[in-house]
1. For region A:219-287, how big is Rg over Rh, using alpha carbon atoms and the Kirkwood form of Rh?
2. Would you work out the relative contact order for region A:216-331, in percent, from Cα pairs under 8 angstrom that are 6 or more residues apart?
3. So for each of A:367-377, A:84-94 I average, over its residues, the number of other beta carbons within 10 Å; can you give me the resulting order with the highest mean first?
4. Report the rotationally averaged projected area of region A:280-350 based on its alpha-carbon convex hull, in square nanometres.
5. With N set to the residue count of region A:60-130, report its C-alpha Rg divided by 2.2 N^0.38 Å to two decimal places.
6. Taking each residue in A:330-336, count the Cβ atoms of any other chain within 10 Å of its Cβ, then average. What number comes out?
7. Based only on Cα atoms, what Rg/Rh ratio does chain A have, Rh being taken as Kirkwood's radius?
8. Across the residues of A:366-376, average count of Cβ atoms on other protein chains within 10 Å?
């Protein structure tokens with residue numbers, strides 16, 4: 001149902017993952033995940049080592065945070081992060097590169113895992129693993145299937161349907177075996193015997209590689225998917241792979257599925273097999289005028305500017321810098337903000353590419369309605385939201401909108417449909433919360 | 001300085017004017033054919049229609065609405081061409097100017113301009129002329145290849161007028177049909193009629209272009225043409241002596257033009273595919289009823305306008321299927 005075909009522009013798809021040295025200073029926000037911020041367990045002046053726990057996710061939906069470098073905690077304070085808001089963060093001045101004991105940094109593949117399901121989930125929690133696709137939902141929570149529900153399939157998202165981004169693509173090619181082991185561990189934790197990896201057809205090398213590897217891992221299959229945005233959205237992916245529709249307002253477990261990103265599977269592998277907390281991730285740095293489009297393995301907390309410098313520096317014609325993909329990413333106004341667990345890419349647009357089309361009258365061409373992957377009517381939602389007709393917004397399913405941006409992408413009248421819908425969602429959400437007390 | 005704006009940061013290359021000029025382009029083959037059959041008069045009439053539509057939109061925008069200049073977005077040009085296509089080629093130019101004033105003024109700008117009008121502007125103009133100037137609007141010149149004659153052209157009945165007269169007089173259909181051009185002539189447009197209605201095959205060519213360019217979807221044209229064929233086939237099968245076959249209906253009058261260009265008008269047709277099909281079927285049913293039993297020989301314009309009036313209701317009732325709605329557990 002629906003979907004659009006934005007230009008792919010995967011400039012960095014052939015660039016091997018390159019390890020970036022730790023910067024001089026890292027800023028580690030305490031809220032890099034969906035849910036309650038973590039609570040710091042270090043103080044200003046403390047010496048920390050890489051991989052050391054610096055903040056605990058104590059609430060049910062929260063995640064632990066670890067030092068991504070070794071050095072001295074110089075500040076625990078509000079610092080602007082990629083969201084543009086000031087968030088409580090731990091600032092560490094880097095000194096050397098000392099790692100915590102017990103972290104296996106060797107590249108040797110370890111296949112066997114003797115932990116049981118509960119132990120795996122605890123390990124994942126301990127290592128601060130969150131969803132690496134962008135939503136950053138704490139992974140250990142997804143490992144606990146709610147009472148009365150049963151998981152039949154683990155779905156692994158290797159779609160990477162956002163244009164420009166190539167981090168998952170490179171990870172599959174370079175760390176395919178580790179991802180497979182990670183998936184096996186996740187299957188064990190969930191108690192499922194089937195896992196499906198969905199990969200879009202525009203990554204034939206990754207598809208072939210993963211298909212070949214999957215032969216040695218019972219229960220894991222690889223499916224090629226049509227290139228279409230947003231094919232990698234959780235609900236759309238389940239629909240494409242299993243033809244099951246997650247009911248409105250419900251989670252994938254409702255149809256027996258748990259969805260994880262390939263990056264998360266890799267993080268799970270490192271957490272469980274290597275005892276390594278989530279302190280670094282792969283980030284695509286790309287753009288049509290970027291000197292050296294790259295995929296960097298960077299420490300969490302590294303400033304965005306350091307990544308851009310490593311990719312050839314900020315081009316003179318830079319007009320916009322985006323955290324994430326071009327369809328759902330956020331434009332940054334400050335390049336000193338840190339890379340977090342959810343940063344999949346940093347994109348630099350030229351001035352020419354940084355435009356919003358001139359807004360005209362809606363011609364009722366129905367394109368927004370045809371392409372909406374959730375079967376909504378964006379033109380109508382935008383009008384209702386604009387007029388604050390919130391009950392009608394709710395009836396028309398505004399809360400189903402995942403803000404994929406397809407409507408604003410396709411609109412020939414350049415209507416800021418999603419802007420209106422976002423505002424509407426906010427208001428309707430508030431209304432629902434008030435109604436429920 | 002970096003730009004900060006909400007996602008998405010990519011935008012498709014589509015624009016209102018690209019779509020509109022795409023429609024204009026798709027109308028060219030049929031326009032050329034009608035220029036060949038109806039000569040210089042048709043050229044002048046089309047130019048007058050387009051120029052007056054643009055002029056009225058300009059004047060209304062400038063002096064009444066005081067809105068942004070929209071005359072070059074292509075939509076007024078389409079209204080002009082379609083209005084010209086909907087009248088006999090020998091219509092006095094003054095009447096065409098009046099028709100354009102009604103189409104743009106009453107049909108479109110009164111409601112706020114592009115996208116806001118409930119009724120197809122060109123059809124509003126056509127029906128206004130039809131009711132106000134019935135004689136001029138039903139005196140159809142016979143096609144005469146590459147004619148430069150502007151007055152005293154040979155006029156004659158359209159196939160649908162012949163049919164209506166035939167049915168009224170109780171003639172056998174075979175007798176009526178013997179007075180008409182053959183199907184090949186009908187297909188290419190060698191018959192009497194409004195200037196742009198005549199060439200089914202070239203209108204179809206334009207329609208296919210619009211489908212390929214994704215300017216329109218198949219729902220409305222197929223539902224309209226299909227239901228017209230179906231309903232006329234029912235009557236034809238019941239009583240083949242009295243009613244013509246479906247092919248005749250498809251090739252004559254404004255059906256092809258209506259199904260491809262008038263019923264598919266974005267602003268005045270439903271938004272969701274299901275609604276589009278209901279709308280198309282409604283148009284088809286009404287067209288055949290008017291053609292066979294109504295007072296007018298042709299029913300396309302009225303059918304589409306009537307169905308236009310139902311669009312808000314259709315949009316309300318027939319919505320797209322939502323993702324995750326009514327989970328059917330097998």
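Each reported figure results from applying straightforward, stated rules to the coordinates on display, with no laboratory input. Every value quoted in this text rests on a predicted model; they were computed, and no experiment measured them. Virtual Cβ from ideal backbone geometry, glycine too; neighbours counted across all protein chains shown.
1. Values: Rg = 14.9 Å, Rh = 14.4 Å.
Across region A:219-287, the Cα-based Rg/Rh ratio is 1.04.
2. Relative contact order comes out at 12 percent.
3. Values: A:367-377: 23.4, A:84-94: 18.9.
Averaged packing, sorted descending, gives the order A:367-377, A:84-94.
4. Average projection, Cα convex hull of region A:280-350: 3.9 nm².
5. Values: Rg = 16.0 Å, N = 71, 2.2 N^0.38 = 11.1 Å.
The value comes to 1.44.
6. Neighbouring Cβ atoms belonging to other protein chains average 3 per residue here.
7. Here Rg/Rh amounts to 0.95.
8. Mean shielding count: 5.
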